[in-house]
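Please read the structure below before turning to the comments.
The values are calculated or read from the model by the stated rules, or taken from the named source; none is laboratory data. This structure is a prediction, so every number in the text was calculated from the model and none was measured. Note: ideal-geometry Cβ built from the backbone for every residue, glycine included; neighbour counts use all protein chains shown. With ligands, DNA and RNA removed, areas are computed over all heavy atoms of the protein, side chains included. Shrake-Rupley method; radii C 1.70, N 1.55, O 1.52, S 1.80 Å.
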Amino acid sequence: YNTSDRPLSGFLCRPKQTEAYPGLLLIQEWWGLNDHIKEIAQRLAKEQYVVFAPDLYSRLGSVVTKNAAEASKLIDSLPTEQVLSDLMSALHYLKSLPHVVDRKVGTIGFCVGGSFALSLACRTDEIRCAAIFYGEIPSDAELGKIPVPLLYFYGEEDGWIQKEEVERLKTVLKKHKKVG
């Protein structure tokens, strides 16, 4: 898919039938676009979604790792605004596909991908829903702008996403009447 300065890569899956389906932007964990994320994309395609998993590490040579220290260095080397810009390009690519139903595109993200999925959902009304698995929670001001339904998963005893942050998420969403 094309970005403002270069083409980047990703993994695309869709149902075998040629009809149009809702689209899902699947955002990887910090390990890279590995087999696990590709398997999730394939499972979602079997559930009648067109799934695009952009490779966040395309700019770094499409690295995949199992080493936490290396994964940390990889994700830290990417400027957040650059990643979000690349994800907007990936979203536009997904929406442009003829087998994606117009305006029916959601996002799913895991770990650092959850952080980006939530930030992306706060920044655009082009996403219709977001499912976040263990993502960092943006500022209150950013959360107040979220225009879409949100499903947020976390572990109460997780060492990365603290329970206080999840409580802040709930509080801010209630304050802005974003919860039912």
- For the chain, max minus min Cα coordinate along each principal axis, in Å, sorted largest first? 43, 38, 30
- Relative to the Cα centre, what is the charge dipole magnitude of the chain, using +1 at the beta carbon of each Lys and Arg, -1 at the beta carbon of each Asp and Glu, and rounding to the nearest 20 debye? 640 debye
- Item | Cα-derived Rg over Rh, computed across segment 33-96 with Rh taken as Kirkwood radius | 1.01
- Query: For the chain, which whole percent of the accessible surface, found with a 1.4 angstrom probe, sits on carbon and sulfur atoms?
  - Reply: 51 percent
- Note on the structure: Taking only the alpha-carbon positions of segment 1-76 as identical scatterers, the Debye log10 I(q)/I(0) at q = 0.12, 0.13 Å⁻¹ comes out as -0.36, -0.42
- Past 28 Å, Cα to Cα, is the threshold; run Lys104/Lys145; Lys16/Lys145; Lys104/Lys170; Lys16/Lys38; Lys66/Lys104; Lys95/Lys175 against it and keep the listed order. Lys16/Lys145; Lys66/Lys104; Lys95/Lys175
- Per residue, in Å², the accessible surface of the chain once ligands and nucleic acids are set aside, probe 1.4 Å: 52 Å²
- Query: Exactly which GluC sites (Glu not before Pro) in segment 85-180 are in a DSSP loop and have at most 14 other Cβ atoms within 10 Å?
  - Reply: Glu156, Glu157
